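Structure incoming, see below.
The values are calculated or read from the model by the stated rules, or taken from the named source; none is laboratory data. Everything quoted here is computed from the prediction, not taken from an experiment. Here the Cβ positions follow ideal geometry from the backbone for every residue, glycine too, while neighbour counts run over all protein chains shown. Heavy atoms of the whole protein, side chains included, go into the accessibility calculation; ligands, DNA and RNA do not. Shrake-Rupley method; radii C 1.70, N 1.55, O 1.52, S 1.80 Å.
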Amino acid sequence: MARHTRRDCSIQLQLSSGANVFEYLKSLSINPADHLTAVQALPGGKVDVTFLSEDVKRRFWPTISSSTNVTATSYADTVKVVSVLHVPHELNDNAVRFVLGKFGKVICGRFLTHRDYPSLYNGVRQYKMELTTDIPSSLNLGGRDCWVRYAGQPRTCLKCGKCGHEAKECDVTKCYKCLQFGHVVRNCTADQKCTTCGKPGHSFRNCPVSFSNKLKCSTAWIRGGAEVAENSNSGVRC
Ligand SMILES: [Zn+2]
Ligand SMILES: [Zn+2]
Ligand SMILES: [Zn+2]
């Protein structure tokens with residue numbers, strides 16, 4: 001996993017829209033003048049907060065990480081909060097956990113909802129993970145390219161998954177049928193491959209990992225990684 005600049009005194013907060021970072025910090029008895037050296041607003045409602053020292057950060061971290069209205073990630077922590085955006089709503093969470101499991105251990109996950117409509121899911125799912133390797137900025141889940149975000153993630157090309165350039169500059173040709181590079185779907189001679197589990201012989205729609213008609217949504221964290229059925233109704237093993 002790529003080692004980034006040491007940021008042991010810094011954390012990242014994801015605030016709900018309209019929330020004020022200073023009010024939030026003060027509600028936890030964090031005094032910007034006494035405890036912090038930097039508060040930096042980032043795109044998408046994210047804020048980097050840098051404490052005076054590691055000791056000061058450690059003192060407040062338990063309260064911050066357990067607060068319910070803010071998602072907090074510590075840069076020094078090996079456990080990352082990974083957000084996956086644009087996930088098709090009906091996709092079994094097992095499929096997402098299965099794909100994420102290729103990059104580390106999924107500890108738990110939850111579904112996010114619209115702020116003004118708390119019973120409406122918004123297509124964003126979050127997972128606490130112990131990463132063993134960095135996750136590309138885009139993963140194909142349930143037939144759609146979904147975006148993946150976490151603090152300290154190196155940006156990769158949304159098309160080919162490599163670092164150093166953006167999708168609009170990418171000259172790699174990718175086949176969305178067999179997931180190989182160098183040709184497009186209409187020239188593909190390979191057998192179909194599942195875009196979720198990567199195994200041949202079935203599409204993501206029939207993938208035993210993806211669908212069980214038992215979608216369990218929860219805004220609370222649900223523990224566990226993917227459960228892979230040994231034998232599914234379709235008889236395909238993943
Ligand atoms: Zn690329
Ligand atoms: Zn192909
Ligand atoms: Zn599959």
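Under the rule of at least 5 residues apart or a separate chain, name every residue whose amide H is placed under 5 Å from the amide H of residue 176.
It is 185, by chain and number.
Tilt of helix 54-66 relative to the longest C-alpha principal axis of the chain, in degrees (0 to 90, nearest 10)?
Orientation of helix 54-66: about 60 degrees from the principal axis.
While we're on this one: Under a cut-off of 16 Å between alpha-carbon atoms, report the aspartates and glutamates in cross-link reach of residue 57, not counting same-chain residues fewer than 8 places apart.
8, 34, 48, 77
Pop out the ³J(HN,Hα) list for the stretch 85-97 in order, Karplus 6.51 cos²θ - 1.76 cosθ + 1.60 with θ = phi - 60°, rounded to Hz; leave Gly and Pro as x.
9, 6, 6, x, 4, 6, 5, 4, 5, 4, 5, 5, 5
When the Cα atoms of the stretch 79-156 are enclosed in a convex hull and the volume is divided per residue, what value in Å³ results? Present the calculation step by step, with values, prior to reporting the outcome.
Details: hull volume 7.1 nm³, N = 78.
Here the figure is 90 Å³ per residue.
Rounded to the nearest percent, how much of the accessible area of the chain (1.4 Å probe, protein heavy atoms only) is carbon and sulfur? Present the calculation step by step, with values, prior to reporting the outcome.
On the way: 6540 of 13280 Å².
The C+S portion of the solvent-accessible surface of the chain is 49 percent.
Moving on to the next point. Can you list the aspartates and glutamates whose alpha carbon sits under 19 Å from that of residue 159, skipping same-chain ones fewer than 8 residues off?
Straight-distance partners of residue 159: 134, 145, 169, 171.
With all protein chains present and a 1.4 Å probe, how do 58, 186 order by accessible area, largest first?
Numbers: 58 140, 186 205 Å².
From most exposed to least exposed: 186, 58.
With each run of n ≥ 4 DSSP H residues scored as -39500 (n - 2.57), what mean residue ellipticity at 222 nm is computed for the chain after dividing by its residue count and rounding to the nearest 500 deg cm²/dmol? Don't skip to the end; give the middle numbers.
Numbers: 4 runs with 32 residues, N = 238.
Value at 222 nm, helices only: -3500 deg cm²/dmol.
When only DSSP loop residues count, what GluC sites (Glu not before Pro) in the stretch 107-206 have their Cβ near at most 15 other Cβ atoms within 10 Å?
Working: sites: 130, 166, 169; in loops: 166.
For GluC sites (Glu not before Pro) across the stretch 107-206 that sit outside H, G, I, E and B with at most 15 neighbouring Cβ atoms in 10 Å, the list reads 166.
Over all directions, how big on average is the projection of the convex hull of the alpha-carbon atoms in the chain, in square nanometres? It would help to have the intermediate numbers written out before the result.
On the way: hull surface 57.8 nm².
Taking the Cα atoms of the chain, their convex hull projects to 14.5 nm² on average.
Going by the alpha-carbon gyration tensor, a ≥ b ≥ c the square roots of its eigenvalues, is the stretch 10-135 rounded (a/c under 1.5) or, if a/c is not under 1.5, prolate (a/b greater than b/c) versus oblate? Numbers along the way, then the final one.
Numbers: a/c = 2.53, a/b = 1.50, b/c = 1.69.
Oblate.
Equivalent ellipsoid semi-axes for the stretch 10-74, as square roots of 5 times the alpha carbon gyration tensor eigenvalues: give them largest first, rounded to whole Å. Walk me through the numbers before you get to the answer.
Values: eigenvalues 57, 31, 25 Å².
They are 17, 12, 11 Å, listed largest first.
Accessible area per residue, 1.4 Å probe, Å², for the stretch 10-74: what's the number? The partial results should precede the final answer.
Details: 3410 Å² over 65 residues.
The answer is 53 Å² per residue.
When all protein chains stay in place, what accessible area (Å², nearest 10, 1.4 Å probe) is found for residue 121?
Roughly 80 Å² of residue 121 is accessible to a 1.4 Å probe.
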